[in-house]
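**Student:** Have a look at this one.
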Amino acid sequence: MARTVTAQRKILNTALSWTLAIIIFFPIFWILVLSFKTEGDAIRTPIEVLTSAWTLESYSIVQERSDYLKHFTNSVIIALGSTVLGIIIGVPAAWSMAFVPSKRTRGILMWMLSTKMLPAVGVLYPIYLIFIELGILDSRTGLVVILMLMNLPIIIWMLYTYFREIPAEILEAARMDGASLTSEILYVLTPMAVPGIASTLLLNIILAWNEAFWTLNLTAAKAAPLTAFIASYSSPEGLFFAKLSAASVMAITPILIMGWFSQKQLVRGLTFGAVK
Amino acid sequence: MSTKHSRSLARIMVAPAVFALLVWMLIPLSMTVYFSFKKYLPLRGGDLGWVGFENYSRFLSSSSFWPAVGTTIFIVGSVLLITVILGILIALLLDQPIWGQGIVRIMIIAPFFIMPTVSGLIWKNMFMDPTNGFLAHLWRAVGADPVQWLSHASLASLVTIISWQWLPFATLILLTAIQSLDSEQLEAAEMDGAKPIGRFFFIILPHLARAITVVILIQTIFLLSIFAEIFVTTAGAFGTKTLTYLIFQRVLESQNVGLGSAGGVYAIILANIVAIFLMRIVGKNLDN
């Protein structure tokens with residue numbers, strides 16, 4: 001609904017928008033600044049912080065603590081593993097519901113969505129117990145499975161809404177031309193489905209990366225991803241502004257960049273297609 | 001294209017997903033219900049037999065229950081109010097032609113991608129720390145005494161942190177909805193002499209009604225289970241214990257599984273009440 005406005009209005013709107021954007025973004029900007037300072041400088045007044053010397057010291061300290069890399073690796077494996085596993089299970093399901101809908105499709109979709117509404121804390125102890133029984137407490141395998149299950153409804157819903165946009169006529173045309181089911185899937189559908197699958201992958205990696213209930217409650221030293229690693233800084237003795245900032249910057253940067261690329265998918269994915 | 005062959009194939013393709021979610025739902029859920037009728041203290045005697053509905057009534061009558069309900073309602077309600085109102089205003093602003101729209105958008109959306117433990121700790125230490133935090137410096141600069149944010153204004157502080165995280169979500173969805181508004185309708189109203197406020201209340205707001213409902217419902221579901229933000233900031237102290245946090249403490253900290261499970265069942269019922277409304281809207285969308 002963009003309309004033409006006077007230059008004066010545009011200047012005013014621009015100034016207002018930028019002010020708001022700077023305020024909202026400020027906390028992130030500020031840890032970026034603090035992460036390049038020494039511990040001593042990081043706790044000075046804002047002006048002194050800005051004018052003090054810049055250093056990479058905090059990054060090298062955080063990096064040297066070998067466990068940072070370990071937690072980062074855990075995050076990557078858990079986020080990627082759970083998402084890829086979810087896509088592998090989700091694609092065939094969404095595919096068949098979009099192209100061969102039956103009377104039950106609607107019911108199944110709604111039921112899948114309802115599993116997403118289950119509050120995690122309500123099943124915390126059973127999951128905890130099952131994990132101990134299976135010996136997967138504080139293991140990456142356990143988290144991959146749990147986060148896959150958490151995100152599977154979103155994965156299937158997103159894929160479903162994307163697949164539904166692929167016109168069925170194209171499939172019929174391919175079949176008329178004598179394409180087999182395999183070649184139909186491989187050469188006709190897959191190329192059209194790739195953008196949807198990619199967006200789904202992206203958004204769910206972000207969600208899994210930032211998940212902070214199961215990752216905090218089901219891990220200890222071994223499998224803890226970055227969410228839990230950062231949480232260990234919440235104790236008073238861990239209060240080091242510069243190091244905490246550096247660790248935070250390193251934990252959020254990859255996902256922030258991915259997030260900016262997935263703005264549009266975010267709306268579709270998190271509203272289950274209710275807002276497009 | 002629905003031959004018998006493709007139908008049975010379709011069923012096989014859905015099966016793994018349905019099976020996985022069915023197991024995920026049924027097994028833990030029935031265990032929670034089972035435990036909720038037991039006196040079960042893993043560290044103090046284990047399974048001490050059936051107690052009927054005692055856990056349910058004890059959970060409700062415990063001195064921390066009603067404060068936890070109050071805290072939950074306060075946090076969810078305030079965050080919803082702040083994010084929806086600010087979200088609408090920012091979305092309206094971003095819909096206008098401005099210079100550097102792309103960058104502004106990116107900056108405003110950023111907080112949503114910050115992991116909850118990081119945003120909790122950024123705010124707790126770098127901003128709300130009463131001696132070295134940014135706000136303390138700011139307060140001192142204007143001659144005021146720094147505030148002990150997380151102990152003296154604990155709920156307001158948490159609401160700030162959580163709103164900061166969720167404002168981008170509301171803004172993004174409302175902006176998407178505004179952009180789908182037909183501009184001719186607005187122009188017609190403008191020509192008919194409708195004032196900006198009138199245009200907002202009679203055209204834009206009704207158009208946004210559905211998006212606002214969706215934002216409220218989805219955020220409510222997520223906000224009811226807010227955990228990490230409290231875990232790393234106040235750990236439930238200073239009146240910030242929500243229902244979710246109370247259940248977490250009962251189950252894992254004091255290891256009273258029966259009592260915690262009864263609380264869990266309450267939480268599930270509560271979440272389902274909200275979910276029913278959300279599902280209705282989503283379901284309507286599925287039909288067209």
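The values are calculated or read from the model by the stated rules, or taken from the named source; none is laboratory data. Not measured: the values here are computed from a predicted model. With ideal geometry, Cβ positions are generated from the backbone for all residues, glycine too; neighbour counts draw on all protein chains shown.
**Student:** Count, please, the residues in the range B:76-101 that happen to be in a helix (DSSP H, G or I) and within 19 Å of A:Ala7 (Cβ to Cβ). Steps first, answer last, please.
**Tutor:** Quick first cut of the range B:76-101, residues in a helix (DSSP H, G or I) only: B:76-95, B:101.
Now restrict to residues that are within 19 Å of A:Ala7 (Cβ to Cβ): B:93-95, B:101.
Residues meeting the conditions: 4.
**Student:** Just the residues that are more than 30 Å from A:Tyr162 (Cα to Cα) and in contact (Cβ under 8 Å) with a residue 12 or more places away in the chain, please, taken from the range A:64-93.
**Tutor:** Taking the range A:64-93 as the starting set, the residues that turn out to be more than 30 Å from A:Tyr162 (Cα to Cα) are A:64-74.
Across the range A:64-93, the qualifying residues are A:Asp67, A:Tyr68, A:His71, A:Phe72, A:Asn74.
**Student:** How about the range A:143-220: which helices (runs of 4 or more DSSP H) wholly inside it have at least 1 residues that are modelled with pLDDT of 85 or more? I'd like the intermediate steps shown before the answer.
**Tutor:** Details: elements: A:168-176, A:190-210, A:214-217.
Those helices (runs of 4 or more DSSP H) span A:190-210, A:214-217.
**Student:** Hey, can you tell me all the residues within the range A:110-127 that are of a type in the set (A, V, I, L, M, F, W, C) and facing chain B (nearest Cβ under 7 Å)?
**Tutor:** Going residue by residue through the range A:110-127, those that are of a type in the set (A, V, I, L, M, F, W, C) are A:110-113, A:117-118, A:120-121, A:123-124, A:127.
If the condition is that a residue be of a type in the set (A, V, I, L, M, F, W, C) and facing chain B (nearest Cβ under 7 Å), then A:Met110, A:Met112, A:Leu113, A:Met117, A:Leu118, A:Ala120, A:Val121, A:Val123, A:Leu124, A:Ile127 are the ones that fit.
**Student:** To continue, here is another question. Which one of these is free of Cβ contacts under 8 Å to residues at least 40 places away in the same chain, buried (at least 16 other Cβ atoms within 10 Å of the Cβ), more than 9 Å from chain B (Cβ to nearest Cβ) and not β-branched (Val, Ile, Thr): A:Ala179, A:Ala173? Steps first, please.
**Tutor:** On the way: A:Ala173 fails: buried (at least 16 other Cβ atoms within 10 Å of the Cβ).
Just one listed residue meets the conditions, A:Ala179.
**Student:** Limited to the range B:117-163, what total is found for residues that are hydroxyl-bearing (Ser, Thr, Tyr), out of contact with any Ser or Thr (no Cβ under 6 Å at 6 or more places or on another chain) and more than 12 Å from chain A (Cβ to nearest Cβ)? Lay out the reasoning, then the answer.
**Tutor:** If we filter the range B:117-163 for residues that are hydroxyl-bearing (Ser, Thr, Tyr), which is where we start, we get B:117, B:119, B:131, B:151, B:154, B:157, B:160, B:163.
Add one more test, that the residue is out of contact with any Ser or Thr (no Cβ under 6 Å at 6 or more places or on another chain), and what stays is B:119, B:131, B:151, B:157, B:160.
With more than 12 Å from chain A (Cβ to nearest Cβ) added as a condition, the list becomes B:151, B:157.
Selection size over the range B:117-163: 2.
**Student:** Follow-up question, since we're still on this one. Identify, from the list A:Trp95, A:Trp54, A:Trp18, the residue that is aromatic (Phe, Trp, Tyr) and over 30 Å from the mean Cα position of the chain (by Cα).
**Tutor:** On the way: A:Trp95 fails: over 30 Å from the mean Cα position of the chain (by Cα); A:Trp18 fails: over 30 Å from the mean Cα position of the chain (by Cα).
One residue alone meets the criteria, A:Trp54.
**Student:** Which of the residues spanning the range B:210-238 are more than 7 Å from chain A (Cβ to nearest Cβ) and within 18 Å of B:Ile90 (Cβ to Cβ)?
**Tutor:** As a first pass, look at the range B:210-238 and keep what is more than 7 Å from chain A (Cβ to nearest Cβ): B:210, B:212-213, B:215-217, B:219-220, B:222-223, B:226, B:229-230, B:233-238.
Once the filter is applied, which keeps residues that are more than 7 Å from chain A (Cβ to nearest Cβ) and within 18 Å of B:Ile90 (Cβ to Cβ), the range B:210-238 yields B:Ile212, B:Val215, B:Ile216, B:Gln219.
**Student:** Which pairs have Cβ atoms under 6 Å, sit 6 or more apart or on different chains, and link a residue in the range A:107-119 that is in a helix (DSSP H, G or I) to one that is crowded, with 17+ Cβ neighbours inside 10 Å and of a type in the set (Val, Ile, Thr)?
**Tutor:** A:Met112/A:Ile156
**Student:** So if I check each of B:Ser6, B:Ser63, B:Ser30, which one is hydroxyl-bearing (Ser, Thr, Tyr), within 10 Å of another protein chain (Cβ to nearest Cβ) and surrounded by fewer than 13 Cβ atoms within 10 Å (Cβ to Cβ)? Working first, answer last.
**Tutor:** Numbers: B:Ser6 fails: surrounded by fewer than 13 Cβ atoms within 10 Å (Cβ to Cβ); B:Ser63 fails: within 10 Å of another protein chain (Cβ to nearest Cβ).
Going through B:Ser6, B:Ser63, B:Ser30 in turn, just one is hydroxyl-bearing (Ser, Thr, Tyr), within 10 Å of another protein chain (Cβ to nearest Cβ) and surrounded by fewer than 13 Cβ atoms within 10 Å (Cβ to Cβ): B:Ser30.
**Student:** Give me the residue from the range A:51-101 that is in a helix (DSSP H, G or I) and charged (D, E, K, R) and, out of that set, surrounded by the fewest Cβ atoms within 10 Å (Cβ to Cβ). Talk me through it step by step, then tell me what you get.
**Tutor:** Quick first cut of the range A:51-101, residues in a helix (DSSP H, G or I) only: A:51, A:57-64, A:66-99.
With charged (D, E, K, R) added as a condition, the list becomes A:57, A:64, A:67, A:70.
Details: A:Glu57: 17, A:Glu64: 9, A:Asp67: 13, A:Lys70: 16.
Ranking the candidates gives A:Glu64 first.
**Student:** I'm trying to understand the selection: among the residues of the range B:231-267, which are of a type in the set (S, T, N, Q) and either in a helix (DSSP H, G or I) or over 17 Å from the mean Cα position of the chain (by Cα) (or both)?
**Tutor:** Residues of the range B:231-267 of a type in the set (S, T, N, Q): B:233-234, B:240, B:242, B:244, B:249, B:254-256, B:261.
Passing the criteria: B:Thr233, B:Thr234, B:Thr244, B:Gln249, B:Ser254, B:Gln255, B:Asn256, B:Ser261.
**Student:** How many residues, within the range A:183-237, are of a type in the set (Gly, Ala, Ser), within 9 Å of another protein chain (Cβ to nearest Cβ), out of contact with any Ser or Thr (no Cβ under 6 Å at 6 or more places or on another chain) and within 15 Å of A:Ile78 (Cβ to Cβ)?
**Tutor:** Number of matching residues: 0.
**Student:** Now for a different question. List pairs: first in the range B:20-48 and closer than 16 Å to A:Val123 by Cα, second part of a strand (DSSP E or B), Cβ under 8 Å, 6+ apart or cross-chain?
**Tutor:** B:Phe37/B:Trp50; B:Lys38/B:Asp47; B:Lys38/B:Leu48; B:Lys38/B:Gly49; B:Lys38/B:Trp50; B:Tyr40/B:Gly46; B:Tyr40/B:Asp47; B:Tyr40/B:Leu48
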